[in-house]
Structures are given as structure tokens and as C-alpha cells.
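Rule-based calculations on the coordinates, nothing more; no lab input. Keep in mind the model is a prediction, meaning the values are calculated, not measured. Quick reminder, even Gly has a Cβ in these numbers, built from the backbone with ideal geometry, and neighbours come from all protein chains shown.
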Amino acid sequence: MLNIDEYLRSHSKEIMDSIEGNYIPIETTTRQTFNYIATEVQKTFVIDKDGRIGGRDHVHNVLTMAIICSMWCGWVSQAKANDGRYLQEWADSFKKAIIDAFEIGQEYSAVQH
């Protein structure tokens, strides 16, 4: 079973700072698939940015990347479980790791400075 919770908890500030520092490369944000999903995310999570409603910001881009990467992790882990290269438990652990990381981030918000 994957257990990275301790590391995520003890390095939360470092991890958050690295994401805040423009984690998503410009070349990624210009790809058609990325832009389509980011636009849909932007429509769902409308924000007021610099006085205009509905601007796309770094949060939209990071959420888009998280959605894409989570989908890929779901596919690859299940495909490998289906053909016997992974135990089904491992595929389930991929999902749990993603959910646990999200929850650790929520917890961190209560202690951030």
C-alpha cells in the first residue's frame, strides 16, 4: 500500500510553493486538449480576476493538469491490473493516493501562513 502521507504532510509548504511558482509550463497550456479542458474548468469555476469576471488563472491551469493526470493514472493503473501486471489493489491505491493528497491539501489550508 502506498503511504506518502507523512511526506506530503511534512513537506506541504515546499510542495505548495512549488505549485504556486508557475508549475504548468506555457507550452502545456497552449495545447488544444489542455485548452479545451481548461476552458470548461474556467466556465465551471468562474472567478473575478483583476476586475473582470471569468478570467482564467493559474488555479484553472493546475486543476486542468490534475484532472488530466488523474485520468491518466486511472487508465494506466487499471489497464495494467486488467492484464495482470498490477494487482487490482495497486490500481485502487493510485486513486486513494490522489484523494488523500487532495485531503492533505485541504488540511494544510487551515495552517498555511
- [ ] From (1) in contact (Cβ under 8 Å) with a residue 60 or more places away in the chain; (2) exposed (fewer than 12 other Cβ atoms within 10 Å of the Cβ); (3) not hydroxyl-bearing (S, T, Y), pick out the condition that doesn't hold for I104.
- [x] (2)
- [ ] Note down all Cβ pairs under 6 Å where the first residue falls in the range 66-80 and is more than 11 Å from D92 (Cα to Cα), the second is not charged (D, E, K, R) and not in a helix (DSSP H, G or I), and they're at least six residues apart or on different chains.
- [x] K80/Y86
Task: Matching entry among I99, I68 (being under 26 Å from D17 (Cβ atoms), under 13 Å from the mean Cα position of the chain (by Cα) and surrounded by 14 or more Cβ atoms within 10 Å (Cβ to Cβ)) - done: I68
